[in-house]
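Chemist: Dropping a structure here in structure tokens format, bear with me for questions.
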Amino acid sequence: MQIQPVRGMNDVLPGEIVAWQHLERVARSLFESYGYEELRVPVLEHTELFKRSIGEFTDIVEKEMYTFQDLGGESLTLRPEATAGVVRAAISNGMLRGQRHKLWCAGPMFRHERPQKGRYRQFYQLDVEALGFAGPDVDAELIALSARLWRELKLRGVRLMVNSLGTAAERARYRERLVAYLMRHQDALDEDSRRRLDGNPLRILDSKNPQLRELIAAAPLLAEDLGAESQAHFDALRAALDAIGVGYEVNPRLVRGLDYYSRTVFEWVTDALGAQDAVCSGGRYDGLIAQLGGESTPAVGFALGMERVVALMLQAGEVPAAPAPAIYIVASGEPAERAAFALAERLRDALPGRGVWLNLGGGNFKAQFRRADRSGATVALVLGEQELERGVVAVKPLRSEAGQSECPLAQLPAVIATLL
């Protein structure tokens, strides 16, 4: 019996990896150009980290985390998201203390969800965080950065939604009004919403149940509880986005699924991926660092789902072709095969960055040339017993009508460099 992959955990095969690598290259270059530095944090963290940061009454903590006891009896969890780990790393390594950091990381996250297109149990995220910045300018910069990423990837049809959740005190006032409203309509709530009513009522606003649409539309608005500072912060963010021409929609029902958000929240969505419409989500979390034991530090960030972005790239046909080798070496006969092996290494030394593929596994000239052609190589080098005796190699261009020629082995690197 064959061993199958774990449900919801997928292989990324060579035919797809080019799109992933292109996304990673573009994102890395863009993050660096905005001054964000890479860090890497563990896949495993203490379970308490996520309970204290994400919130005990969220779906993630209640139902979706991969949690277990290790051999020492500690409760550990495979990270379901990256922000908590980045914040923990900043605290653990003394990176705060009045300092400011612009950081990014990438890697797998884990949630025990029902697998469907765009939603997996192991999924990959690019995560960008700015620690120590209080003003709306950095919120606007992160949104501008993500908008530029879509442009550089040539993706269209990705729309931006923004909202403000205010401060913790403002949300508490709003929560009282929202709960009073929902209690009056408790009979109309579904099971999930009733469960959230005590622990996390704002999440009811994010329900995807179509039967709750009218009820949610008539609910009180959080914007009505925003204080002057929160409103000014949100107005400044909107003005900055207007100034750089980034279009957006104010969505008063955008609340995000994690407890630690405050003030700015935003989400890039698309209609191209079915039910999983969120591509990139983020916001401000000014209270989280103090909540986890660090100094009170403002912070903001976002995470994008790499599987979803790759799916959009593939749909749009905006994936570069896999890099082809420059040279494919064809050899026949044991002496020639040994010489070809040494020749391939010489060419790799002389032509760094150029792909040099050596035919492996034997085969007659016809079969080897078929492999050379399929490789996409620019030039085939042919080495047989006769060429070896005369100290030459046959040079055959594969992507032009130029005829085959011979070149002395000693001069080959220089001649090939001119051909390429």
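Chemist: Can you tell me which residue is nearest to residue 365 (Cα to Cα) among those in segment 387-403 that are at pLDDT 85 or above and in a loop (DSSP other than H, G, I, E, B)?
Modeler: 398
Chemist: Would you point out which residue out of 97, 79 is in the same structural domain as residue 39 (by TED's automatic domain parsing) and modelled with pLDDT of 95 or more?
Modeler: Values: 97 fails: modelled with pLDDT of 95 or more.
Only one candidate passes the filter, namely 79.
Chemist: Another question, if that's okay. If I ask for residues that are in contact with a strand residue (DSSP E or B) (Cβ under 7 Å, 6 or more places away or on another chain), under 15 Å from residue 396 (Cβ atoms) and either basic (Lys, Arg) or crowded, with 18+ Cβ neighbours inside 10 Å (or both), which ones from segment 358-370 would you list?
Modeler: Hits for segment 358-370 are 359, 368, 369.
Chemist: Here's a follow-up. Among residues belonging to segment 47-76 that are part of a loop (DSSP other than H, G, I, E, B) and either touching a Cys at 6+ places or on another chain (Cβ under 8 Å) or more than 22 Å from residue 120 (Cβ to Cβ) (or both), point out the one that is modelled with the lowest pLDDT.
Modeler: 57
Chemist: Against the condition closer than 24 Å to residue 400 by Cβ and either in a helix (DSSP H, G or I) or among the small types (Gly, Ala, Ser) (or both), how does residue 370 come out, does it pass?
Modeler: yes
Chemist: Return the residues of segment 196-218 that are more than 19 Å from residue 59 (Cβ to Cβ), in a helix (DSSP H, G or I) and among the aliphatic types (A, V, I, L, M); say none if nothing qualifies.
Modeler: Residues satisfying the conditions are 215, 217.
Chemist: Okay, moving on. What pairs come out if I take residues in segment 311-332 that are surrounded by 14 or more Cβ atoms within 10 Å (Cβ to Cβ) and part of a loop (DSSP other than H, G, I, E, B) and pair them with residues that are polar (S, T, N, Q) and at pLDDT 90 or above whose C-beta lies under 6 Å away, six or more apart or interchain?
Modeler: 325/375; 326/378
Chemist: Return the only residue of 144, 140, 134, 172 being of a type outside the set (Lys, Arg), within 28 Å of residue 223 (Cβ to Cβ), outside any strand (DSSP E or B) and not assigned by TED's automatic domain parsing to the domain that holds residue 303.
Modeler: Exactly one residue qualifies, and that residue is 172.
Chemist: Exactly one condition in (1) surrounded by fewer than 18 Cβ atoms within 10 Å (Cβ to Cβ); (2) at pLDDT below 90 is false for residue 287; which is it?
Modeler: (1)
Chemist: Within segment 77-111, take every residue that is assigned to a strand (DSSP E or B) and aliphatic (A, V, I, L, M) and give me the one that is farthest from residue 124 (Cα to Cα).
Modeler: So in segment 77-111, the residues assigned to a strand (DSSP E or B) come out as 77-78, 101-110.
In the following step, the residues that additionally are aliphatic (A, V, I, L, M) were identified as 78, 103, 106, 109.
Working: 78: 13, 103: 17, 106: 7, 109: 6 Å.
Filtering segment 77-111 for residues that are assigned to a strand (DSSP E or B) and aliphatic (A, V, I, L, M), the one farthest from residue 124 (Cα to Cα) comes out as 103.
Chemist: Considering segment 335-359 alone, what residues qualify as being out of contact with any Gly (no Cβ under 6 Å at 6 or more places or on another chain) and small (Gly, Ala, Ser)? Working first, answer last.
Modeler: Of all residues in segment 335-359, those out of contact with any Gly (no Cβ under 6 Å at 6 or more places or on another chain) come to 335, 337-359.
Those that are out of contact with any Gly (no Cβ under 6 Å at 6 or more places or on another chain) and small (Gly, Ala, Ser): 339, 340, 342, 344, 350, 353, 355.
Chemist: Kindly evaluate residue 42 against the criterion of being part of a loop (DSSP other than H, G, I, E, B), of a type outside the set (Gly, Ala, Ser), modelled with pLDDT of 90 or more and under 30 Å from residue 292 (Cβ atoms). Outline the logic, then answer.
Modeler: Numbers: part of a loop (DSSP other than H, G, I, E, B): yes; of a type outside the set (Gly, Ala, Ser): yes; modelled with pLDDT of 90 or more: yes; under 30 Å from residue 292 (Cβ atoms): yes.
Here the answer is yes, as residue 42 does meet what is asked.
Chemist: Separate question: Could you say which residue among 125, 116 is in the same structural domain as residue 247 (by TED's automatic domain parsing), buried (at least 19 other Cβ atoms within 10 Å of the Cβ) and closer than 21 Å to residue 60 by Cα?
Modeler: Details: 116 fails: buried (at least 19 other Cβ atoms within 10 Å of the Cβ).
None of the others qualify; the one that does is 125.
Chemist: Going by the conditions given, is residue 136 buried (at least 21 other Cβ atoms within 10 Å of the Cβ), over 15 Å from the mean Cα position of the chain (by Cα) and closer than 24 Å to residue 298 by Cβ?
Modeler: yes
The values are calculated or read from the model by the stated rules, or taken from the named source; none is laboratory data. Since this is a predicted model, take the numbers as computed values, not measurements. As a convention, Cβ positions derive from the backbone with ideal geometry for all residues, glycine included, and neighbour counts pool all protein chains shown.
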